[in-house]
Every structure is written in structure tokens, then in C-alpha cells.
1. Select from segment 84-124 the residues that are of a type in the set (Lys, Arg) and within 16 Å of the chain's Cα centre (by Cα) and list them in ascending order.
2. Count, please, the residues in segment 48-66 that happen to be in a loop (DSSP other than H, G, I, E, B), aliphatic (A, V, I, L, M) and surrounded by fewer than 21 Cβ atoms within 10 Å (Cβ to Cβ).
3. Kindly indicate whether Leu203 is part of a helix (DSSP H, G or I), modelled with pLDDT of 95 or more and open to solvent by 40 Å² or more (accessible area, probe 1.4 Å).
4. If we keep just the residues of segment 72-98 that are within 24 Å of Val29 (Cα to Cα) and touching a helix residue (DSSP H, G or I) at 6+ places or on another chain (Cβ under 6 Å), which is most open to solvent (accessible area, probe 1.4 Å)?
5. For segment 206-240, which residues satisfy the criterion of being part of a helix (DSSP H, G or I), of a type in the set (A, V, I, L, M, F, W, C) and under 19 Å from Leu70 (Cα atoms)?
6. Output the number of residues of segment 1-17 satisfying the condition of being of a type in the set (Asp, Glu) and either at pLDDT 90 or above or outside any helix (DSSP H, G or I) (or both).
7. Scan segment 31-42 and give yes if some residue there is surrounded by fewer than 20 Cβ atoms within 10 Å (Cβ to Cβ) and part of a helix (DSSP H, G or I), otherwise no.
8. Take Thr20 and tell me if it is farther than 20 Å from Leu150 by Cα, open to solvent by 20 Å² or more (accessible area, probe 1.4 Å), in contact (Cβ under 8 Å) with a residue 60 or more places away in the chain and not in a loop (DSSP other than H, G, I, E, B).
Amino acid sequence: MEEQTTFVDTRDDSRGRPDTAVVRDALGVGVAVGLSGFAFGVTSAGSGLTIWQTCALSLLVFTGASQFALVGALAAGGNPLTAAAGAFFLGVRNAFYGLRLSQLLALPRAVRPFAAQWVIDETSAVAVAQPTRRAARLGFAVTGLSLYVLWNLTTLLGALGAEALGDTDAWGLDAAGPAVFLALLAPMLKTATERAVAGLAVLLGLGLLPVLPAGMPVLVAALAAPVALWVEGRRREDRLEEGDR
């Protein structure tokens, strides 16, 4: 009876995608994003964190945007509490992914606490894109496992490499974190509202960088989302009022 509670499960699993196709796509995402863990390892070690602290962040936090935000703020001399707050707000989105995935995957209760560690942008995107619950579970598991293993491995290699390189600023590797973050973010900006939010956040972040303590511009830039959504809501109301005339 539970199988009929979501849209995904009304489809016949036999008409879903072959397992090989799901695994191929999931591995493609896991490998492509997992390799960027090297950039995080270099950036984190360059910001002053030890190898063990760097690896602990990837093992326990495991959400790239939040990790880069944290070490970026620390590298800029920001207060640790402010840096952690910025990372926290970036990570809140994963809670909303979890609400959707809990219905889509319908995992056993004993498994959910472990699966929650893998609820991130990439696993959510792969799972939601599947036509059946079985394919969604497979895509989520393969993406999560491959990305978690590779991300942590390359984080360790990046941290070790940073020590061998010495001063990462001299190599220009301090730009690795923002570059990877932008590369992950850009493909997700598909609507005009999303692009407006990103553009406004950039303006706020860069504009306030010279006048606010390190880490604070990121928090203020988060205000771009409610502002852009408010403007979009007002436009829709105006269009509806014009249509009623």
C-alpha cells in the first residue's frame, strides 16, 4: 500500500532505466565531483588547518560548498564562529533535500541515519531524475558511495600535497575553492530568478568584502534569496492584477 503513495511508484519498474545506465550516470557524477576534493584539501591546509582537521571536515561534514565556505573564511582571518555560521546556512539546503528524498526513497528506518550523511546536491539530483523508486535508490547509493570515498581520498591527497607545495598563496591555489564552487553552482542556475539571486549575492558579497569582517559578507549575501523571491512575487501579483482588468 505504501508503494502507491508517491508518483514515482505508480510506474512499472520494468519500464524504468536499465541498472547499468543508472550506475553509469551515478558514477560519472561521483567521479567528476569527487576529484574536486583535492582542491578542498589544498585550500583547507593552506588556510592553516592540519591534515587531520581537513580530513575530519570531509568525513563528518561532507558538503563541499559548506566546507569551502568555512575554510575560505578562516583563510581570510575570519572569526571561527562566523565562518561556521556561514557554512551552516549553506548546508541548511540539505535538510530540504532530505524531505523530498525521504518520500522518494522510503528507506528503512534503520538505514536513514546513515543515508542522511549522503544527502547532498549531487545525490539528490541523481535520485530525483530517476523514473522509479528502485532506480532512485540505486542512483542515490552509487552516487553517494563513489563521491564519499573519492572526495575523502582526494581531500587527503590535497592536504598532503599542500604541505609539499609549501606556501599555497604563492601558487595561486587560494583561488581553487571559489573556482570549484562556481563550477558546481553555474549549471544549477537554470531560471531567471536563480540567476538573479546568484548575481545579487555576488554583488553583495564583493561589495561588502572591504567593509565587513571576514565571513560576514557571505552571511549578508544570503539575503539575496528572499529579496529576489519577494521581487518575483510582486511581479506575479502585478501580472495577475493586470489579467483581472
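The values are calculated or read from the model by the stated rules, or taken from the named source; none is laboratory data. Remember, predicted model here, so these are calculated numbers, not experimental data. FYI the Cβ positions are ideal-geometry reconstructions off the backbone, even for glycines, and counts take in every protein chain you see. Surface accessibility is based on the protein's heavy atoms, side chains included, excluding ligands, DNA and RNA. Shrake-Rupley method; radii C 1.70, N 1.55, O 1.52, S 1.80 Å.
1. Filtering segment 84-124 for residues of a type in the set (Lys, Arg) gives 93, 100, 109, 112.
Those that are of a type in the set (Lys, Arg) and within 16 Å of the chain's Cα centre (by Cα): Arg93, Arg100.
2. Restricting attention to segment 48-66, the residues satisfying the condition of being in a loop (DSSP other than H, G, I, E, B) are 48-50, 61-63.
Filter once more, keeping what is aliphatic (A, V, I, L, M): 49, 61.
From what is left, the residues that are surrounded by fewer than 21 Cβ atoms within 10 Å (Cβ to Cβ) are 61.
So the count comes out to 1.
3. Working: part of a helix (DSSP H, G or I): yes; modelled with pLDDT of 95 or more: no; open to solvent by 40 Å² or more (accessible area, probe 1.4 Å): yes.
Spelling it out, it is not the case that Leu203 is part of a helix (DSSP H, G or I), modelled with pLDDT of 95 or more and open to solvent by 40 Å² or more (accessible area, probe 1.4 Å).
4. Tyr97
5. To start, the set of residues in segment 206-240 that are part of a helix (DSSP H, G or I) comprises 206-208, 216-221, 224-240.
If we keep only those that are of a type in the set (A, V, I, L, M, F, W, C) as well, we get 206, 208, 216, 218-221, 224-225, 227-231, 240.
Answer for segment 206-240, where residues must be part of a helix (DSSP H, G or I), of a type in the set (A, V, I, L, M, F, W, C) and under 19 Å from Leu70 (Cα atoms): Leu206, Leu208, Met216, Val218, Leu219, Val220, Ala221.
6. Step one: filter segment 1-17 for residues of a type in the set (Asp, Glu), giving 2-3, 9, 12-13.
Among the residues that remain, those that are also either at pLDDT 90 or above or outside any helix (DSSP H, G or I) (or both) are: 12.
The qualifying residues number 1.
7. We begin by selecting, within segment 31-42, every residue surrounded by fewer than 20 Cβ atoms within 10 Å (Cβ to Cβ); these are 31-32, 35.
Narrowing further to those that are part of a helix (DSSP H, G or I): 31-32.
Taking every residue of segment 31-42 in turn, at least one turns out to be surrounded by fewer than 20 Cβ atoms within 10 Å (Cβ to Cβ) and part of a helix (DSSP H, G or I).
8. On the way: farther than 20 Å from Leu150 by Cα: yes; open to solvent by 20 Å² or more (accessible area, probe 1.4 Å): yes; in contact (Cβ under 8 Å) with a residue 60 or more places away in the chain: no; not in a loop (DSSP other than H, G, I, E, B): yes.
The answer is no for Thr20.
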